[in-house]
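The values are calculated or read from the model by the stated rules, or taken from the named source; none is laboratory data. None of these values were measured; they are calculated from a predicted model. Don't worry about glycine lacking a Cβ; one is built from the backbone with ideal geometry, like all the others, and counts go over all protein chains shown.
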Amino acid sequence: PGSLYLVPTPIGNSRDITLRAVDVLSAVDVIAAEDTRNARALLRPLKRPSHQLVLSCHEHNWRSRIPTLLSHLERGRNVALVSDAGTPCVSDPGAQVVEAVVAAGLKVVPLPGPCAAVSALIASAMPTPSFTFVGFLPRVGESRRKAIEHVAAIKSTVVLYEAPHRLLSTLKALQQAEGNGRSCCLAREMTKKYEEFLRFDTISDAYEFYRTQTAKPRGEFTIVLAPIPVQPLVDHDLITYPTAPVEIPSL
Ligand code: SAM
């Protein structure tokens, strides 16, 4: 049988496609793309087999696409899955396809590559040992309120995606739920011409910054929240360790 390749694509800078992604996209029999027009633009410069199929696979048709993709794989054809930008399955279609392919006992091969969450995290200057990725918050209603409360209670660094026209309302809701103890970084238009990282001491400073701007927030944003400071349980400087070798009882 063939393999399902998960292929990340650039999040802005077209040079960010990896050599391996080019190799895979130039060789597979089938490409399942979130948007076939975007995919064709990406594929245009590549030398590809003439029999290569480009199919759509997005949030509205993945259910009906799964049997088609499984049958290609079972007949020995290799399939690449791409989303519009960044890593498939990360706030993008693909997770259900992966689930079905694994359930069918077929092979999944992930390629590392561009992912807005990781780029924002590493440039944010927030602690990285542990972080929680929450993707997009629900847009309205009770589920949104609950999600905001949940995020406010997360103690580690938090990474969120948000659309520019909802940025202000999300910052406001986070600031209200969270009590304003954490700093934040807004990673905007990463890898593009107007890339910037705006760092604020508090979430309300970020909110005020955008609220008082005449122009509305524009471009793509990833929000990184600092961890909630936790009091250490023990003061490690005061602990003295035994200097004598510890005897290990023989078995
Ligand atoms: N799968 C993608 C990934 O791996 O990055 C994420 C797809 S999600 C539909 C799109 C969201 O990612 C945007 O709304 C924004 O929050 C974030 N994003 C994507 N590109 C970005 C960029 N160049 N700069 C900042 N955030 C970006």
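Could you say which residue among S183, S169 is without any contact (Cβ under 8 Å) to a residue 24 or more places away in the chain, under 23 Å from T212 (Cβ atoms) and either more than 18 Å from the chain's Cα centre (by Cα) or within 9 Å of the ligand (Cβ to nearest atom) (or both)?
S169
Being modelled with pLDDT under 95 and assigned to a loop (DSSP other than H, G, I, E, B) is the filter here, so list the residues in the stretch 203-226 that pass it.
Result: T212, Q213, T214, A215, K216, P217, R218.
Would a scan of the stretch 53-64 turn up a residue that is crowded, with 18+ Cβ neighbours inside 10 Å and assigned to a loop (DSSP other than H, G, I, E, B)?
Taking every residue of the stretch 53-64 in turn, at least one turns out to be crowded, with 18+ Cβ neighbours inside 10 Å and assigned to a loop (DSSP other than H, G, I, E, B).
Can you spot a residue in the stretch 66-76 that is within 22 Å of the chain's Cα centre (by Cα), under 21 Å from C89 (Cβ atoms) and modelled with pLDDT of 95 or more?
no
Does A27 qualify as being over 21 Å from the mean Cα position of the chain (by Cα) and modelled with pLDDT of 95 or more?
Yes; evaluated as a whole, the condition is true for this residue.
Anything in the stretch 108-122 that is surrounded by fewer than 16 Cβ atoms within 10 Å (Cβ to Cβ) and either closer than 19 Å to C184 by Cβ or among the polar types (S, T, N, Q) (or both)? List them, or say none.
I122
Within the stretch 186-202, work out how many residues are outside any loop (DSSP other than H, G, I, E, B) and within 11 Å of the ligand (Cβ to nearest atom).
Residues that pass the stated criteria total 5.
Residues in the stretch 97-107: is at least one within 16 Å of the ligand (Cβ to nearest atom) and either out of contact with any Cys (no Cβ under 7 Å at 6 or more places or on another chain) or under 26 Å from M190 (Cα atoms) (or both)?
Looking for residues that are within 16 Å of the ligand (Cβ to nearest atom) and either out of contact with any Cys (no Cβ under 7 Å at 6 or more places or on another chain) or under 26 Å from M190 (Cα atoms) (or both), one finds none in the stretch 97-107, hence no.
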